[in-house]
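Single-structure report; data block below.
The values are calculated or read from the model by the stated rules, or taken from the named source; none is laboratory data. Values in this document were obtained by computation on a predicted structure and should not be read as measured data. When we count neighbours, we look across all protein chains shown, and the Cβ atoms used for this are built from the backbone with ideal geometry, even at glycine.
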Amino acid sequence: MSFMKTTKLAVAAVAALAATASMALAQGKTLRVVMHSDLKIVDPIWTTAYIVRNHGYMIYDTLFSQDESGAIKPQMAEKHEVSADQLTHTITLRDGLAWHDGAPVTAEDCTASIKRWGARDSVGQKLMSFVDTIAAADAKTIVIKLKSPTGLVLLGLGKPSSNVPFMMPKRVADTDPTKQIEDFTGSGPFIFKKDEWKPGDKTVYLKNEKYKPRAEPASGLAGGKVVKVDRVEWRAISDQQQIANALLAGEIDFVEQPKHDLVPLYKKDPNIVVKDYSPLGNQYVFRMNWTQPPFNNPKVRQAIFYAFNQKDFLDGVIGNPEYYKECKAMFICGTALATEKGMEDKFTSNFAKAKELLKEGGYDGSPIVLMQSTDLDVLTNLAPVAKSLLEKAGFKVDMQSMDWQTLVGRRVKKDAPSAGGWNAALTSWVAADVTNPISAAFLNASCEKAAWGWPCDEGIEKLRDEFARATDPAKQKAIAEAIQVRVSEVGTHVYLGQWYQPQAHHKRVVGFLSTPAPAFWNVELK
């Protein structure tokens, strides 16, 4: 190769490098991330879907939040006082709170928000059963008067995951809880750029320049939410190899759920950090629809506990035992309420026992509609494993494939499976959502008010009421055991083991917090 040609190539390479560097500097305050799912629904009270919860944390704020240790701390609240008889809770808002449109946050906004959340959420519904009145005493003071004492006020208002009690303007919070909101005005650290929102492509958030963080350092979801980037873009990429290539090439900065099979590839690159920022992990769940045959029969629901074993699901999806744990404890192994009570003989794929229960339950062999989500790597293989085990137990299964957002929309329908409804579906809960009988949404057995699947059992509801009133840890443990035994009898849901999800990000990105939901405040590009 001639000297002249070599020189021209070198100049061109330097020019290209300079152009890349210039672009990087121009975009240095933009954080590009790939979340676990595309955002298509934007009301975090209407659905428990985690991508919508994550969206909520970007643009809304909460009265209280959990820090890294799990302690509940004031967030929008300045102080919280409880009367001597434990029946009156007074919450005072801190100064400087404003909605994205510039209007001040008022106690009326917050009371309306609590009521809407309380109509949908598992903890909220139980809390509301103790509430006499919620009212604004003045512009900054919220007064909650109870009919009887309960520890659910802070437990609920500081709930870290779905449904999170996000505060919204009164005009928005007054929306019928069964309908989705259309106004996305928040008061949180980021502003949703609705005009740049393109489902299937990207979701954009801008730094809220007028947001006033708390003075203390950030810890978990609590403390000062200091935003250190100008813009966050959620890029909708579903192909895991494409995601890996983009992160390794520096085209994106963070991946919420890298495929477990690809984690070794990320770890080999010195520019990539692999870390689990939610160390309690997650729990897989199989949910049955109580409103439709055959799962309107408890014997048929019981059969699932015997048909399934957790290892097949965990191997089929996660594969690497480093990132999963078989666990017969409904309230997460390693926590205060963990117990195997009622589940000692379950999760063994005892197909003979399952078939016996199906016969007792009068199952007629009609196919059950099992929904499978196809675009979330950590969920896709669950349904095929379930189908195989169910068929070995004597079920006929019609597995119907769809993307996750379609499944989220369909699972709230109570129509017959032949008319667009469903019989069963699988999902996952972050551990923080299922560590007690009140926050675990699938334990809400209040019939029409329950989460999708709509279990209806007076026994469970009485036990959950007892738990809400109990203050002694030993008494709480005994009630939790009784609830787990009852679940083994009536089958609200079947849990399928714990799994752990490391995140991957470029080493130039620092400041991620240990949280059950991804937080992009405190994060900066070095």
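Only residues that are in contact with a helix residue (DSSP H, G or I) (Cβ under 6 Å, 6 or more places away or on another chain), polar (S, T, N, Q) and either outside the structural domain of residue 399 (by TED's automatic domain parsing) or closer than 21 Å to residue 495 by Cβ (or both): list them for segment 359-383, please.
Selection gives 372, 373, 381.
Considering each of 282, 271, 320, 289 in turn, give the residue that is among the polar types (S, T, N, Q), touching a residue at least 40 places away in the same chain (Cβ under 8 Å) and over 22 Å from residue 503 (Cα atoms).
On the way: 282 fails: over 22 Å from residue 503 (Cα atoms); 271 fails: over 22 Å from residue 503 (Cα atoms); 320 fails: over 22 Å from residue 503 (Cα atoms).
Only one candidate passes the filter, namely 289.
Between a first residue in segment 295-316 that is not assigned by TED's automatic domain parsing to the domain that holds residue 260 and a second residue that is in a helix (DSSP H, G or I) and polar (S, T, N, Q), which pairs have beta carbons less than 7 Å apart while being 6 or more apart in sequence or on different chains?
Listed pairs, sorted by first residue: 305/488.
Determine which member of the set 349, 278 is part of a loop (DSSP other than H, G, I, E, B) and out of contact with any strand residue (DSSP E or B) (no Cβ under 7 Å at 6 or more places or on another chain).
Numbers: 278 fails: out of contact with any strand residue (DSSP E or B) (no Cβ under 7 Å at 6 or more places or on another chain).
Testing whether each residue is part of a loop (DSSP other than H, G, I, E, B) and out of contact with any strand residue (DSSP E or B) (no Cβ under 7 Å at 6 or more places or on another chain) leaves just 349.
Which residue pairs have Cβ atoms closer than 6 Å, lie 6 or more positions apart in sequence or on different chains, and pair a first residue in segment 53-80 that is farther than 15 Å from residue 95 by Cα with a second residue that is acidic (Asp, Glu)?
So the pair list comes out as 73/67.
Out of the residues in segment 232-251 that are in a loop (DSSP other than H, G, I, E, B) and under 17 Å from residue 403 (Cβ atoms), state the one that is farthest from the chain's Cα centre (by Cα).
First, pick out the residues of segment 232-251 that are in a loop (DSSP other than H, G, I, E, B): 236-239, 249-251.
The next check asks that each one be under 17 Å from residue 403 (Cβ atoms); those that pass are 236-239.
Values: 236: 18, 237: 20, 238: 19, 239: 22 Å.
Applying the filter and picking the extreme gives 239.
Taking the conditions exactly as written (closer than 17 Å to residue 443 by Cα, surrounded by 23 or more Cβ atoms within 10 Å (Cβ to Cβ) and touching a residue at least 40 places away in the same chain (Cβ under 8 Å)), does residue 492 satisfy them or not? Lay out the reasoning, then the answer.
Details: closer than 17 Å to residue 443 by Cα: yes; surrounded by 23 or more Cβ atoms within 10 Å (Cβ to Cβ): yes; touching a residue at least 40 places away in the same chain (Cβ under 8 Å): yes.
So residue 492 fits the description; yes.
Surrounded by 22 or more Cβ atoms within 10 Å (Cβ to Cβ), in contact (Cβ under 8 Å) with a residue 60 or more places away in the chain, assigned to a helix (DSSP H, G or I) and not assigned by TED's automatic domain parsing to the domain that holds residue 210 - does that describe any residue in segment 98-108?
Within segment 98-108, none of the residues are surrounded by 22 or more Cβ atoms within 10 Å (Cβ to Cβ), in contact (Cβ under 8 Å) with a residue 60 or more places away in the chain, assigned to a helix (DSSP H, G or I) and not assigned by TED's automatic domain parsing to the domain that holds residue 210.
Just to be sure before I move on: is residue 112 over 26 Å from residue 217 (Cα atoms), among the aliphatic types (A, V, I, L, M) and in contact (Cβ under 8 Å) with a residue 60 or more places away in the chain in the structure I sent?
Working: over 26 Å from residue 217 (Cα atoms): yes; among the aliphatic types (A, V, I, L, M): yes; in contact (Cβ under 8 Å) with a residue 60 or more places away in the chain: yes.
Yes; evaluated as a whole, the condition is true for this residue.
In segment 313-346, what residues are part of a helix (DSSP H, G or I) and farther than 21 Å from residue 392 by Cα?
Just the residues of segment 313-346 that are part of a helix (DSSP H, G or I), to begin with: 313-317, 321-323.
Selection gives 321, 322, 323.
How many residues are in contact (Cβ under 8 Å) with a residue 40 or more places away in the chain, within 27 Å of the chain's Cα centre (by Cα) and more than 22 Å from residue 305 (Cα to Cα) if we restrict to segment 404-425?
Counting residues in segment 404-425 that are in contact (Cβ under 8 Å) with a residue 40 or more places away in the chain, within 27 Å of the chain's Cα centre (by Cα) and more than 22 Å from residue 305 (Cα to Cα) gives 8.
Out of segment 454-467, which residues are touching a residue at least 60 places away in the same chain (Cβ under 8 Å) and either in a helix (DSSP H, G or I) or acidic (Asp, Glu) (or both)?
Start the filter on segment 454-467 by keeping residues that are touching a residue at least 60 places away in the same chain (Cβ under 8 Å), which leaves 454-456, 464-465.
Across segment 454-467, the qualifying residues are 464, 465.
Would you mind finding the one in 379, 357 that is of a type outside the set (D, E, K, R), under 23 Å from residue 39 (Cα atoms) and either out of contact with any Cys (no Cβ under 7 Å at 6 or more places or on another chain) or in a loop (DSSP other than H, G, I, E, B) (or both)?
Values: 357 fails: under 23 Å from residue 39 (Cα atoms).
Checking each option against the conditions leaves just 379.
Restricting to segment 264-275, name every residue that is touching a helix residue (DSSP H, G or I) at 6+ places or on another chain (Cβ under 8 Å), over 24 Å from residue 55 (Cα atoms) and not in a loop (DSSP other than H, G, I, E, B).
Correct list: 265, 266, 272.
Can you spot a residue in segment 372-395 that is free of Cβ contacts under 8 Å to residues at least 12 places away in the same chain, under 30 Å from residue 261 (Cα atoms) and of a type in the set (D, E, K, R)?
Scanning segment 372-395 turns up at least one residue that is free of Cβ contacts under 8 Å to residues at least 12 places away in the same chain, under 30 Å from residue 261 (Cα atoms) and of a type in the set (D, E, K, R).
Of the numbered conditions (1) in contact (Cβ under 8 Å) with a residue 60 or more places away in the chain; (2) part of a helix (DSSP H, G or I); (3) hydroxyl-bearing (Ser, Thr, Tyr), residue 428 satisfies every one except a single condition; which is it?
(2)
Looking at this structure, is residue 451 crowded, with 22+ Cβ neighbours inside 10 Å, at pLDDT 95 or above and either in a strand (DSSP E or B) or in the same structural domain as residue 399 (by TED's automatic domain parsing) (or both)?
Details: crowded, with 22+ Cβ neighbours inside 10 Å: yes; at pLDDT 95 or above: yes; either in a strand (DSSP E or B) or in the same structural domain as residue 399 (by TED's automatic domain parsing) (or both): yes.
Spelling it out, residue 451 is indeed crowded, with 22+ Cβ neighbours inside 10 Å, at pLDDT 95 or above and either in a strand (DSSP E or B) or in the same structural domain as residue 399 (by TED's automatic domain parsing) (or both).
Restricting to segment 470-485, name every residue that is over 23 Å from the mean Cα position of the chain (by Cα) and either modelled with pLDDT of 95 or more or on the phi > 0 side of the Ramachandran plot (or both).
Passing the criteria: 474, 475, 476, 477, 478, 479, 481, 482, 485.
For segment 492-512, which residues satisfy the criterion of being part of a loop (DSSP other than H, G, I, E, B) and over 22 Å from the mean Cα position of the chain (by Cα)? Steps first, answer last, please.
Residues of segment 492-512 that are part of a loop (DSSP other than H, G, I, E, B), as a first pass: 492, 500-502, 507-508, 511-512.
Within segment 492-512, 507, 508 qualify.
Within segment 155-214, which residues are among the aromatic types (Phe, Trp, Tyr) and part of a loop (DSSP other than H, G, I, E, B)?
The answer is 166, 184, 197, 211.
For segment 330-346, give me each residue that is in contact (Cβ under 8 Å) with a residue 60 or more places away in the chain and of a type outside the set (Val, Ile, Thr).
Within segment 330-346, 330, 331, 333, 336, 337, 341, 342, 343, 346 meet the criteria.
Tally time: how many residues in segment 282-305 are surrounded by 22 or more Cβ atoms within 10 Å (Cβ to Cβ) and either part of a helix (DSSP H, G or I) or modelled with pLDDT under 95 (or both)?
6
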